[in-house]
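Participant: Before anything else, here's the structure in question.
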Amino acid sequence: MIGDDLRGIFYVALKDMRAYYLKPPNISWGLLFPGALILAFAIRTPGDMRTLAPGLVAMAALFSATSMEAIVITFEQRVGALERLLLAPLTLPAMLAGKVLGGVLFGLLIGGAVLVSVIAGFGLEGWRLGPALAALLLATTAFSALGAFVSVAVQEVFEAQTLANFIRFPMIFLCGVFVPLAELPPALQLLARALPLTYSVEALHAALLGPLSWQMALDLGALLAFALLLFALAVVILRRRMD
Amino acid sequence: MAESIPAIEVTGLTKRYGPLQTGLLAVDHADFEVQRGEVFGFLGPNGAGKTTTIRMLTGLTRPTDGQARVLGLDLSRYLPRIKKQVGVVPENSNLYDELSARDNLIFMGQLYGVPRRDRGPRADELLHRFRLWERRDTRFARLSRGMKRALMVAAALVHRPRLLFLDEPTVGLDVVSARSLRALIEGLREEGVTVFLTTHYLEEADRLCDRVALIVQGRIVALDTVEGLKARVRRGATVKMRLASSSGEELRCFHGEDVEVALRLALAHAESEGQQIMAVNTLQPTLEDAFIELTGLRAEVMRTEKGGR
């Protein structure tokens, strides 16, 4: 049974990559979006852009891991293709894990491209790629689980996009990239601590610019916890809808 | 021994959507068995509980109450093992638009654990059998409705299931596609595949099914062979005659308690009116007659639904 689930997770993700993610418009959008972000930051802050690197990577991962996934799951849910997967010898959590894995792979692809670009472009040390990839992996997993949670909570594609933006944009402004966390009012600091992007930016900051510390390990732990919690919520919601 | 165990055994199967006491009762304590190798029809109007029953038997939704065994295995305990031996053709086309016909079949083979070396040949065999070979590289979205339906059946057969659920397989198909699909279903019966077929086309059930359950508002109101159901409404006999006289031809029906009585009435009428008998037919009850008699519904309810033919 576990073998069936593992096989199913792999092939569901592979099918989603072929059928949806690896289409030229998605890849070009995935690369253009962070490119536009870099340009915007460069115009706003022409000085040392290295401090913006963690935020750029984290935001590229956030948008690439959530955007398409929310569309894929909601669309397949609406046309019954999601049910088709559940007719196969595959449990509901495994089916959803396959969907999340698709988002993670696409997030890693786009986020990884941005990560390599900022390491090369900003002259960062090469050894930082390893810890940064670990942070990126956990960040995209948390974001992809967020995408799954958002898409099973709604019925239509446009609703998924609206709900995703409702969560993503406040995260961007509260994650510490635009305004340092310490300078936010206490209530907003508390809110920022409840959002996965904040931990992604902190972990990537440590990996790319700072010394590796226990704080980074805590950030990675928080991202893992977000991923598990959001995934569990998505499973519960989808199971209820099926019944 | 295993072959003597029914393909499906259902006891008190119930599904209620919404609150336990006041929610919609979609299936109400259904009891039935489907024998191995038979084509079993589940016949009823829209909303009767046909699709909900299939959804429960394939694990898509959990029953509120009751038990079900599929291929001898308890549905609540062995769902993954059951799924490996069962194929399902849902009512709506839900294969993957972006994948080609062949890639959809390969993907199904991957999900069901068909060995890698067998996937391609099995997909090709099914494409030939369902006359889709020429369209193997066409995206699912671009196939005609009949081709989509045929590919859905092919996709459900990739892993060689022993039991096939077909939910309204010919809804929305043109006459030629529907006929072709029915021939395929008949072919499956010959291969020993058990078929559980839901339909609201009375003539389709009449032609394909060994036994039929009539379901109305979630309750099974009758279950028998097609002939058995017809026999239940066989009250007397009807003889239809084409009669000719100097004023022209006419068709007349004569009813009696059996064929002999009805025929005597017909002959007496022809003689008294001085008419010539041109043709004589005895009319048998149809499944439609049985449906009307046993469900209290009008056959038009079934015909006018889902673009009925």
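Participant: Can you confirm whether the range A:67-82 contains a residue that is touching a residue at least 60 places away in the same chain (Cβ under 8 Å), of a type in the set (D, E, K, R) and within 12 Å of chain B (Cβ to nearest Cβ)?
Facilitator: The answer is yes; a qualifying residue exists.
Residue-wise test of (1) surrounded by 20 or more Cβ atoms within 10 Å (Cβ to Cβ); (2) modelled with pLDDT of 90 or more; (3) in a helix (DSSP H, G or I).
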site: A:170; (1), (2), (3): no, no, yes
site: A:207; (1), (2), (3): yes, yes, yes
site: A:210; (1), (2), (3): no, no, no
site: A:225; (1), (2), (3): no, yes, yes
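Participant: Can you go through A:177, A:154 and tell me which one is in contact with a Gly (Cβ under 7 Å, 6 or more places away or on another chain) and either surrounded by fewer than 19 Cβ atoms within 10 Å (Cβ to Cβ) or assigned to a loop (DSSP other than H, G, I, E, B) (or both)?
Facilitator: A:177 is the lone residue from the list that is in contact with a Gly (Cβ under 7 Å, 6 or more places away or on another chain) and either surrounded by fewer than 19 Cβ atoms within 10 Å (Cβ to Cβ) or assigned to a loop (DSSP other than H, G, I, E, B) (or both).
Participant: While we're here: Taking the range A:21-63, which residues are out of contact with any Ser or Thr (no Cβ under 8 Å at 6 or more places or on another chain), touching a residue at least 60 places away in the same chain (Cβ under 8 Å) and small (Gly, Ala, Ser)?
Facilitator: A:53, A:55
Participant: Only one residue in B:63, B:19, B:45 is more than 23 Å from the chain's Cα centre (by Cα) and either away from chain A (no Cβ under 14 Å) or more than 30 Å from residue A:14 (Cα to Cα) (or both). Which one?
Facilitator: Numbers: B:63 fails: more than 23 Å from the chain's Cα centre (by Cα); B:45 fails: more than 23 Å from the chain's Cα centre (by Cα).
Of the residues listed, the single one that is more than 23 Å from the chain's Cα centre (by Cα) and either away from chain A (no Cβ under 14 Å) or more than 30 Å from residue A:14 (Cα to Cα) (or both) is B:19.
Participant: Mind checking which residues of the range B:107-136 are facing another protein chain (nearest Cβ under 10 Å) and either within 28 Å of the chain's Cα centre (by Cα) or among the polar types (S, T, N, Q) (or both)? Full working, then the answer.
Facilitator: Step one: of the range B:107-136, the residues facing another protein chain (nearest Cβ under 10 Å) are B:107-113.
Those that are facing another protein chain (nearest Cβ under 10 Å) and either within 28 Å of the chain's Cα centre (by Cα) or among the polar types (S, T, N, Q) (or both): B:107, B:108, B:109, B:110, B:111, B:112.
Participant: Which residue pairs have Cβ atoms under 8 Å apart, sit 6 or more places apart or on different chains, and have a first residue in the range A:119-144 that is within 18 Å of residue A:104 (Cα to Cα) and a second that is acidic (Asp, Glu)?
Facilitator: A:135/A:219; A:144/A:69
Participant: If you scan the range B:140-161, which residues turn out to be surrounded by fewer than 16 Cβ atoms within 10 Å (Cβ to Cβ) and touching a strand residue (DSSP E or B) at 6+ places or on another chain (Cβ under 9 Å)? Spell out the reasoning first.
Facilitator: From the range B:140-161, those surrounded by fewer than 16 Cβ atoms within 10 Å (Cβ to Cβ) are B:141-142, B:144-145, B:160; that's our starting set.
Once the filter is applied, which keeps residues that are surrounded by fewer than 16 Cβ atoms within 10 Å (Cβ to Cβ) and touching a strand residue (DSSP E or B) at 6+ places or on another chain (Cβ under 9 Å), the range B:140-161 yields only B:160.
Participant: Right, another one. Residue check: is residue B:40 in contact (Cβ under 8 Å) with a residue 12 or more places away in the chain and touching a Cys at 6+ places or on another chain (Cβ under 9 Å)?
Facilitator: yes
Participant: Then there is this: Give the residue that is modelled with the highest pLDDT, with candidates limited to residues of the range B:87-105 that are surrounded by fewer than 20 Cβ atoms within 10 Å (Cβ to Cβ) and within 10 Å of another protein chain (Cβ to nearest Cβ).
Facilitator: Selected residue: B:99.
Participant: Could you list, in sequence order, the residues of the range B:238-263 that are under 17 Å from residue B:279 (Cβ atoms) and touching a Gly at 6+ places or on another chain (Cβ under 7 Å)?
Facilitator: Step one: of the range B:238-263, the residues under 17 Å from residue B:279 (Cβ atoms) are B:238-245, B:248-254, B:259, B:262-263.
Correct list: B:245, B:262.
Participant: While we're on this one: Please verify whether residue B:293 is outside any helix (DSSP H, G or I) and of a type in the set (D, E, K, R), treating the condition exactly as stated. Walk me through how you get there before you give the answer.
Facilitator: Details: outside any helix (DSSP H, G or I): no; of a type in the set (D, E, K, R): yes.
Here the answer is no, as residue B:293 does not meet what is asked.
Participant: On to the next question. Just give me the residues in the range B:164-182 being outside any helix (DSSP H, G or I) and closer than 20 Å to residue B:87 by Cβ, in sequence order.
Facilitator: Of the range B:164-182, the ones outside any helix (DSSP H, G or I) are B:164-174.
The answer is B:164, B:165, B:166, B:167, B:168, B:169, B:170, B:171, B:173.
Participant: So how many residues does the range B:13-50 have that are of a type in the set (Ser, Thr, Tyr), at pLDDT below 90 and outside any loop (DSSP other than H, G, I, E, B)?
Facilitator: Of the residues in the range B:13-50, 1 are of a type in the set (Ser, Thr, Tyr), at pLDDT below 90 and outside any loop (DSSP other than H, G, I, E, B).
Participant: Considering each of A:60, A:94 in turn, give the residue that is farther than 30 Å from residue B:155 by Cα and either surrounded by 24 or more Cβ atoms within 10 Å (Cβ to Cβ) or not hydroxyl-bearing (Ser, Thr, Tyr) (or both).
Facilitator: A:60
Participant: Then there is this: Would you say residue B:34 is within 11 Å of chain A (Cβ to nearest Cβ) and in contact with a Pro (Cβ under 9 Å, 6 or more places away or on another chain)? Walk me through it before giving the result.
Facilitator: Numbers: within 11 Å of chain A (Cβ to nearest Cβ): no; in contact with a Pro (Cβ under 9 Å, 6 or more places away or on another chain): yes.
The answer is no for residue B:34.
Participant: Now, a different point. Quick one: residue A:103 ticks every box in (1) within 13 Å of chain B (Cβ to nearest Cβ); (2) under 16 Å from residue A:142 (Cβ atoms); (3) small (Gly, Ala, Ser) bar one, so which box is it?
Facilitator: Answer for residue A:103: the failing condition is (1).
Participant: Hand me the list of helices (runs of 4 or more DSSP H) wholly inside the range B:66-163 holding 2 or more residues that are without any contact (Cβ under 8 Å) to a residue 40 or more places away in the chain and over 27 Å from residue B:176 (Cα atoms).
Facilitator: Per the criteria, B:79-84, B:101-111, B:116-129.
The values are calculated or read from the model by the stated rules, or taken from the named source; none is laboratory data. Keep in mind that what you see is a predicted model, and the values were worked out from it rather than measured. Note that we place each Cβ from the backbone using ideal geometry, even for glycine, and neighbour counts take in every protein chain shown.
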